[in-house]
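Bear in mind that the values in this text are calculations on the coordinates, not laboratory data. Just so it is clear, the structure is predicted and the values come from calculations on it, not from any experiment. Note: ideal-geometry Cβ built from the backbone for every residue, glycine included; neighbour counts use all protein chains shown.
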2 protein chains.
Amino acid sequence: MSQELFDQIFHPATVAIVGASAKDPETGWIGRLVNFGYPGRIYPVNPKASEIAGLKCYPTVRDLPEPVDLAVFNIPARLTPKIMQDCVASGVKIVHIFTAGFSETGKEEARKLEARVAEIARASNIRVIGPNCMGVYYPAGGLTFRSTFAREAGTVSLVSQSGAGATRFVQLANDRHIYFSKVVSYGNALDLDAPDFLEYLAEDSETGIITCYIEGVRNGRRFMAAVKRCLQWKPVIIMKAGLTEGGAGAAASHTASLAGSALIWDAFFRQVGAIQVNSLEEMADAVMTLLRMKYVGGRRVGIVGRGGGIGVIATDACERAGLKVPPFLPETQKQLEAISPEAGITVRNPVESTREIAGAADFYYRGLRIVDGDPQVDFIITHIAADIYGGRRQDMQTELLKAAEALAVTVPTLTKPLVVVLYAGEHLETFSATLQARDLLLKAGIAVYSSIETAARAVAIFQGARDTEKTH
Amino acid sequence: MSQELFDQIFHPATVAIVGASAKDPETGWIGRLVNFGYPGRIYPVNPKASEIAGLKCYPTVRDLPEPVDLAVFNIPARLTPKIMQDCVASGVKIVHIFTAGFSETGKEEARKLEARVAEIARASNIRVIGPNCMGVYYPAGGLTFRSTFAREAGTVSLVSQSGAGATRFVQLANDRHIYFSKVVSYGNALDLDAPDFLEYLAEDSETGIITCYIEGVRNGRRFMAAVKRCLQWKPVIIMKAGLTEGGAGAAASHTASLAGSALIWDAFFRQVGAIQVNSLEEMADAVMTLLRMKYVGGRRVGIVGRGGGIGVIATDACERAGLKVPPFLPETQKQLEAISPEAGITVRNPVESTREIAGAADFYYRGLRIVDGDPQVDFIITHIAADIYGGRRQDMQTELLKAAEALAVTVPTLTKPLVVVLYAGEHLETFSATLQARDLLLKAGIAVYSSIETAARAVAIFQGARDTEKTH
């Protein structure tokens with residue numbers, strides 16, 4: 001793949017929206033580009049309109065005033081071959097077919113239609129993204145397929161076979177202050193496929209972490225080689241969907257993918273060393289770990305948080321994820337006991353900060369340093385239970401922010417990594433208070449997760465990947 | 001255990017709060033009882049106050065004007081034996097020791113203190129709940145250990161070794177419109193233990209479902225017998241914490257429990273047929289299933305919701321949980337295709353309702369009946385992705401409620417059970433909109449879960465339990 005091709009995909013100087021909607025220019029493809037600050041020239045194409053969103057509209061692609069870098073097809077599937085031929089005639093370089101209704105329907109007719117489009121592309125110089133996909137989100141270049149995505153650019157890239165999956169993942173990530181370099185939803189991949197994008201991202205200087213949602217691959221060897229190439233420079237996190245029998249069937253009718261057996265994919269992950277995740281939430285949490293935990297010295301975790309059953313549950317969750325929760329040294333326990341304002345506090349590991357949120361900040365200032373000093377642990381998980389501290393609603397929000405501030409101040413002074421779990425429960429007040437505290441912690445550069453289970457898995461995934469790497 | 005004992009525990013005519021707080025009568029034990037509508041007589045005991053919350057305060061238990069049914073100890077651990085003796089002298093029937101700092105500390109001195117209290121209890125007729133526990137929540141009788149708990153009474157009971165665990169669980173349940181008959185947090189159990197409460201609940205006419213958070217048991221055979229007795233009349237859902245090595249250690253320092261090996265507990269669940277869950281959220285979801293799914297004819301599920309990758313992920317989640325997602329009959333697929341307003345929609349199973357939330361209600365009115373009619377499926381999961389529909393925020397909330405209304409109207413007309421997944425993402429707007437839709441659906445009697453993974457597990461747990469029962 002030439003660098004030039006991808007320069008055009010991510011930095012098109014001109015974009016034509018074929019089938020631009022006259023009804024809804026604000027939320028359609030054109031409105032999104034305009035509002036997102038796309039700096040190039042936009043050409044609406046629609047025989048039924050003369051102007052859309054203040055832009056001159058052209059009846060066909062052949063009527064465009066210049067050969068465009070990128071044409072987005074928002075048209076009925078059956079019209080695609082004809083418009084493709086218009087694109088050939090007009091000198092279009094990249095076509096993104098948003099339209100669905102191709103091979104994923106499982107219908108012979110639709111499969112033939114897709115083959116016909118592929119033929120036209122091959123016979124010309126046009127490269128195709130799709131069909132049946134959302135295309136590109138590249139905030140640095142003002143490209144998006146969703147108006148709600150962050151305009152802020154980051155270093156994470158995503159190669160996704162699914163558009164809805166990409167949408168959910170980007171939003172989960174954005175809500176975690178994770179921002180993107182390049183996102184591609186590529187659908188049925190009649191031309192450009194996951195390996196093409198992965199090979200490009202492997203060497204892309206704007207990409208630090210590669211994430212991937214895959215339903216199936218056409219050429220397993222090529223896919224593996226592309227992932228390996230990425231792994232030479234940057235971590236790769238892959239969610240392989242369609243690993244169950246029913247899921248494989250669903251993948252076939254979604255993106256016409258051959259999902260492959262769970263056995264083959266197990267072998268793939270074992271051999272290649274990419275990080276495997278089982279959900280989009282887990283993928284967002286894994287990115288959180290990679291971006292915000294400077295290092296993990298080992299699997300031994302010191303747990304600080306609400307005690308009692310919540311501490312027991314936290315410990316189980318960590319050990320189930322493959323972490324270890326060893327007892328602190330007797331000196332550590334003694335020191336923790338000395339600073340605790342409450343009788344009967346648990347100090348063995350997990351250590352109970354305080355029973356009410358009011359004292360948590362004070363405990364963090366002193367207690368975290370004590371845990372940090374214990375040679376038995378490699379890193380710390382602090383968990384805050386807004387749901388249980390929610391008894392005095394007004395105070396809770398204030399005290400939760402105080403606790404978050406104490407963490408933001410203390411974490412940089414520690415010698416070991418510390419991650420935070422903010423558990424919100426399912427109540428609007430606690431959820432809203434938790435989002436504020438999360439914001440504060442994320443701005444302070446701290447990794448934050450929404451439950452002890454997800455935190456433990458996210459940190460352990462990281463560890464697991466490192467261990468796998470070591471065996472190579 | 002006598003019925004009389006439990007009558008006094010759940011319907012005390014008189015309660016003494018020993019160590020009542022003069023500073024904070026509103027949110028303390030007395031304030032909670034008063035605000036919660038406890039109908040009996042309340043006696044504050046505190047040598048340093050003459051009146052608390054408008055109630056006459058007594059210097060010691062010996063000074064009380066009558067022998068009370070229940071005395072709650074909110075005092076330093078070391079004072080417990082002395083106050084116990086006062087209770088013996090005064091004719092107190094039940095003591096609830098809230099105070100921590102006993103055998104769970106692992107200290108010899110504290111262990112002896114606990115043994116001393118147990119001796120005094122045994123030598124008298126006083127029965128003890130605790131120490132190191134929250135005691136009773138019984139909304140029908142105006143008893144609570146948390147002001148935020150629902151006043152509404154229901155048919156679910158909980159026996160919990162942990163107070164924080166009980167608090168989290170009750171709140172998760174309340175937020176799901178699940179209400180309680182009787183909740184007991186019993187801590188170190190120096191006298192009354194899980195089997196005592198379970199035996200009582202087995203025959204309690206106000207209890208329809210028994211839930212249980214256990215860290216360890218003293219007498220495994222007795223515990224098993226009690227659970228079996230419950231299972232003769234009602235379902236039992238158990239979360240066994242401390243199943244990992246670290247978790248077992250944490251349980252020991254929380255409630256001085258011998259956690260027992262994972263192997264023993266595996267055998268327990270296999271033999272007894274109680275429903276095992278791995279988190280409090282899972283326990284709340286399992287209760288949701290038991291309360292709101294009338295029956296489950298089998299494991300074959302028809303999935304209706306946002307399609308694409310989200311549909312593939314939903315299918316994987318269901319099959320991973322042990323459900324089956326078979327393709328619909330060709331006739332069903334044809335009918336679904338006929339009513340879909342969009343091209344290229346997936347109809348194989350999962351079926352894609354609509355790409356935008358706006359059309360979802362319309363699709364439900366017609367599409368759910370078609371799926372309901374397919375003999376290939378036993379029940380339906382409808383999943384709504386507020387996060388992905390969140391693009392047009394104002395509309396989204398309205399349309400989400402419309403979709404929920406369509407479900408509320410349609411579900412009663414179906415021949416098969418239907419459960420709903422409302423996925424909120426992690427954004428305040430979508431979370432808040434989702435809570436409203438959830439409220440509407442819960443009021444309509446429909447089971448609602450927050451993710452496809454939790455829904456699939458909750459339904460499959462139920463199925464699994466039934467299968468286990470059949471082999472007996």
- request: Scan chain A for the residue whose Cβ is closest to the axis carrying it onto chain B, then write down that distance in whole angstrom.
  value: A:Phe431, 3
Per-selection metrics, segment A:376-435 (Cα): Rg and Dmax in Å: 12.7, 39
- request: Can you grab the distance from the C-alpha centre of segment A:234-272 to the C-alpha centre of segment B:117-164, Å, no decimals?
  value: 49 Å
query: Within chain A, which DSSP H helices have Cα atoms that stretch 20 Å or more along the helix axis and a mean Kyte-Doolittle hydropathy of at least -0.5?
result: A:220-233, A:393-410, A:428-443, A:452-470
statement: Rg from C-alpha atoms of segment A:262-380, normalised by the globular rule of thumb 2.2 N^0.38 Å, equals 1.27
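Per the helix-only calculation at 222 nm, which mean residue ellipticity applies to chain A, given -39500 (n - 2.57) for every DSSP H run of n ≥ 4 and division by its residues, nearest 500 deg cm²/dmol?
Value at 222 nm, helices only, nearest 500: -13500 deg cm²/dmol.
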- prompt: Between segment A:345-370 and segment A:50-86, what is the C-alpha centre distance in whole Å?
  reply: 63 Å
task: Place +1 on the Cβ of every Lys and Arg and -1 on the Cβ of every Asp and Glu in segment A:3-128, take the dipole about the Cα centre, and give the residue among A:Ile9, A:Pro81, A:Leu64 whose Cα lies farthest towards its positive end.
output: A:Pro81
statement: Sorting from shortest, the nanometre distances separating the label point of B:Ser205 (7 Å past Cα along the line to Cβ) from those of the same residue in the other copies are 8.1
message: Over segment A:172-287, what portion of Cα pair distances is larger than 17 Å, expressed as a whole percent?
response: 55 percent
message: Given Cβ point charges of +1 (Lys, Arg) and -1 (Asp, Glu) and nothing else, what value in debye, to the nearest 20, does the dipole of chain B about its Cα centre take?
response: 640 debye
- prompt: Of chain B, which part is the longest with no GluC sites (Glu not before Pro) in a loop (DSSP not H, G, I, E, B) and with at most 14 other C-beta atoms within 10 angstrom?
  reply: B:153-472
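Looking at chain A, what % of the alpha carbon pairs are farther apart than 32 Å? Can you show the working numbers first?
Values: 51987 of 111156 pairs.
For chain A, the fraction of Cα-Cα distances above 32 Å is 47 percent.
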message: Taking 8 Å as the Cα distance limit and 6 or more residues as the minimum spacing, I'd like the relative contact order of segment B:135-292 as a percentage.
response: 22 percent
task: Quantify how strongly other chains surround peptide A:425-437 by giving the mean number of their Cβ atoms within 10 Å of each of its Cβ atoms.
output: 4
task: Take every DSSP beta bridge whose two residues both sit in chain A, then give the antiparallel share in percent to the nearest 5.
output: 10 percent
task: For every other residue with a beta carbon closer than 15 angstrom to the beta carbon of B:Pro81, add +1 if it is Lys or Arg and -1 if Asp or Glu, then tell me the sum.
output: +2
query: Counting Lys and Arg as +1 and Asp and Glu as -1, what is the net charge of the other residues whose Cβ lies under 10 Å from the Cβ of B:Tyr213?
result: +1
task: Report the one residue of A:Ile126, B:Thr315, B:Val95 whose Cα lies farthest in the direction of the positive end of the charge dipole of the protein assembly as shown (charges on C-beta: Lys and Arg +1, Asp and Glu -1; origin at the Cα centre).
output: B:Thr315
query: In whole Å, what three semi-axes, largest first, describe the equivalent ellipsoid of segment A:301-470 built from its Cα gyration tensor (square root of 5 times each eigenvalue)?
result: 23, 19, 15
message: Normalised by the empirical 2.2 N^0.38 Å for globular proteins, what value does the Cα Rg of segment B:132-192 take?
response: 1.02
statement: The alpha-carbon center of segment A:371-437 and that of segment B:170-192 are separated, in whole Å, by 25 Å
message: Suppose every Lys and Arg Cβ carries +1 and every Asp and Glu Cβ carries -1, with no other charges. What dipole size does segment A:346-463 come out with about its Cα centre, to the nearest 20 debye?
response: 180 debye
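Loop only per DSSP, at most 10 neighbouring Cβ atoms within 10 Å: give me the trypsin sites (Lys or Arg not before Pro) in segment B:43-72, ordered by residue number.
B:Lys48
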field: Distances in nm from A:Pro327 to the matching label points in the other copies, shortest first (labels 7 Å along Cα to Cβ)
entry: 6.0
- request: Can you run the Rg to Rh ratio on the protein assembly as shown? Use alpha carbon positions and the Kirkwood inverse-distance Rh.
  value: 1.01
- prompt: Shortest first and in nm to one decimal, what separations exist between B:Glu51 and its copies in the other chains, measuring from label points 7 Å along the Cα-to-beta-carbon line?
  reply: 7.9
statement: Here, segment B:1-127 modelled as identical Cα point scatterers in vacuum has Debye log10 I(q)/I(0) at q = 0.12, 0.15 Å⁻¹ of -0.44, -0.69
